[in-house]
Amino acid sequence: MCIIIDTCSLSPVFEKLNSDHEEFVPVLEWIMIGKGKMIIGGSKYSQEISAKYRAIILQLDIAGKVVKLSKDEVDEIQKEIEEDASIRGLKDFDDPHLIAIVIVSKCQLICTHDKRAFPFLTDKTLYPSHVKKPKLYTGVRNSNLLNDRLIVKICRPTKRGSSKELQKNFCL
């Protein structure tokens with residue numbers, strides 16, 4: 001019921017004029033009118049969000065559609081992952097904050113269109129044994145992942161809003 005949206009994928013999810021928007025409309029609708037919630041956390045994730053998306057995330061938070069994790073907890077785990085990645089020589093790995101968010105939240109779904117990140121985000125060796133590696137939403141073909149079977153404890157159902165009203169207010 002929760003999803004981590006890679007900051008590079010905020011535009012395809014929330015901007016109607018983005019060339020990839022149609023591929024990510026199911027994520028938008030799942031959050032806006034379904035039971036989905038967006039998980040955010042950590043310093044790096046926060047730094048990567050531009051002002052226009054901060055405003056959208058604030059409105060989603062007010063609507064009860066955002067789960068905010070402890071900045072310190074995510075940052076600490078991110079630091080450990082970065083150290084491990086450095087030791088292992090993972091040079092192209094620049095999303096340890098997303099793995100840290102998965103570990104803290106136990107979220108099982110990441111929305112991204114960053115193909116370079118796919119091997120790292122799905123590498124089970126980067127996660128502790130008690131945390132399932134996440135599935136990736138990379139386009140409309142993954143719409144089946146947007147369902148209640150991926151509910152994690154940190155997320156609870158919220159009231160559903162009006163589809164037209166929410167999309168009008170949240171889509172750029």
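The values are calculated or read from the model by the stated rules, or taken from the named source; none is laboratory data. This is a predicted model, so every value here is computed, not measured. Every residue, glycine among them, receives a Cβ derived from its backbone with ideal geometry; neighbour counts consider all protein chains shown.
If only residues of the stretch 69-78 that are surrounded by 13 or more Cβ atoms within 10 Å (Cβ to Cβ) and charged (D, E, K, R) are counted, the one that is farthest from the chain's Cα centre (by Cα) is Glu76.
Candidates are the residues of the stretch 18-36 that are in contact with a helix residue (DSSP H, G or I) (Cβ under 7 Å, 6 or more places away or on another chain) and assigned to a loop (DSSP other than H, G, I, E, B); the one that is surrounded by the most Cβ atoms within 10 Å (Cβ to Cβ) is Gly36.
Checked against the criteria, Leu98 counts as under 22 Å from Met1 (Cα atoms) and either out of contact with any His (no Cβ under 9 Å at 6 or more places or on another chain) or at pLDDT 95 or above (or both).
Return the residues of the stretch 97-123 that are touching a Lys or Arg at 6+ places or on another chain (Cβ under 6 Å) and surrounded by fewer than 21 Cβ atoms within 10 Å (Cβ to Cβ); say none if nothing qualifies. Break it down stepwise before answering.
Within the stretch 97-123, the first condition is being touching a Lys or Arg at 6+ places or on another chain (Cβ under 6 Å), and the residues that meet it are 97, 108-109, 122.
Those that are touching a Lys or Arg at 6+ places or on another chain (Cβ under 6 Å) and surrounded by fewer than 21 Cβ atoms within 10 Å (Cβ to Cβ): Gln108, Thr122.
Looking at Ile77, Ile40, Ile101, Ile49, just one residue is farther than 23 Å from Asn147 by Cα and either in contact (Cβ under 8 Å) with a residue 40 or more places away in the chain or of a type in the set (Asp, Glu) (or both), and that residue is Ile49.
Could you tell me whether Ile57 is in contact with a strand residue (DSSP E or B) (Cβ under 9 Å, 6 or more places away or on another chain), of a type outside the set (S, T, N, Q), surrounded by 19 or more Cβ atoms within 10 Å (Cβ to Cβ) and under 21 Å from Asn147 (Cβ atoms)? Criteria not met by Ile57.
Among the residues in the stretch 80-103, are any in a loop (DSSP other than H, G, I, E, B), within 21 Å of Gly36 (Cα to Cα) and out of contact with any Ser or Thr (no Cβ under 8 Å at 6 or more places or on another chain)? The answer is no, given that none of the residues of the stretch 80-103 is in a loop (DSSP other than H, G, I, E, B), within 21 Å of Gly36 (Cα to Cα) and out of contact with any Ser or Thr (no Cβ under 8 Å at 6 or more places or on another chain). Please determine whether any residue of the stretch 74-87 is at pLDDT 95 or above and polar (S, T, N, Q). Yes, some residue in the stretch 74-87 is at pLDDT 95 or above and polar (S, T, N, Q). Only one of these conditions is not met by Arg141: (1) closer than 26 Å to Leu28 by Cβ; (2) in contact with a Leu (Cβ under 8 Å, 6 or more places away or on another chain). Which number is it? So Arg141 meets the others, but not (2).
Taking the criterion of being of a type outside the set (A, V, I, L, M, F, W, C) and surrounded by fewer than 23 Cβ atoms within 10 Å (Cβ to Cβ), the residues of the stretch 79-95 that qualify are Lys79, Glu80, Glu82, Glu83, Asp84, Ser86, Arg88, Gly89, Lys91, Asp92, Asp94.
State yes or no: is Lys52 surrounded by fewer than 18 Cβ atoms within 10 Å (Cβ to Cβ) and farther than 25 Å from Trp30 by Cα? Steps first, answer last, please.
Working: surrounded by fewer than 18 Cβ atoms within 10 Å (Cβ to Cβ): yes; farther than 25 Å from Trp30 by Cα: no.
No, not satisfied.
For the stretch 42-54, a tally of residues being in a helix (DSSP H, G or I) and small (Gly, Ala, Ser) returns 3.
Please state which one of Ile57, Ile39 is in a helix (DSSP H, G or I) and either at pLDDT below 95 or not basic (Lys, Arg) (or both). Walk me through how you get there before you give the answer.
Numbers: Ile39 fails: in a helix (DSSP H, G or I).
After ruling out the rest, the residue left standing is Ile57.
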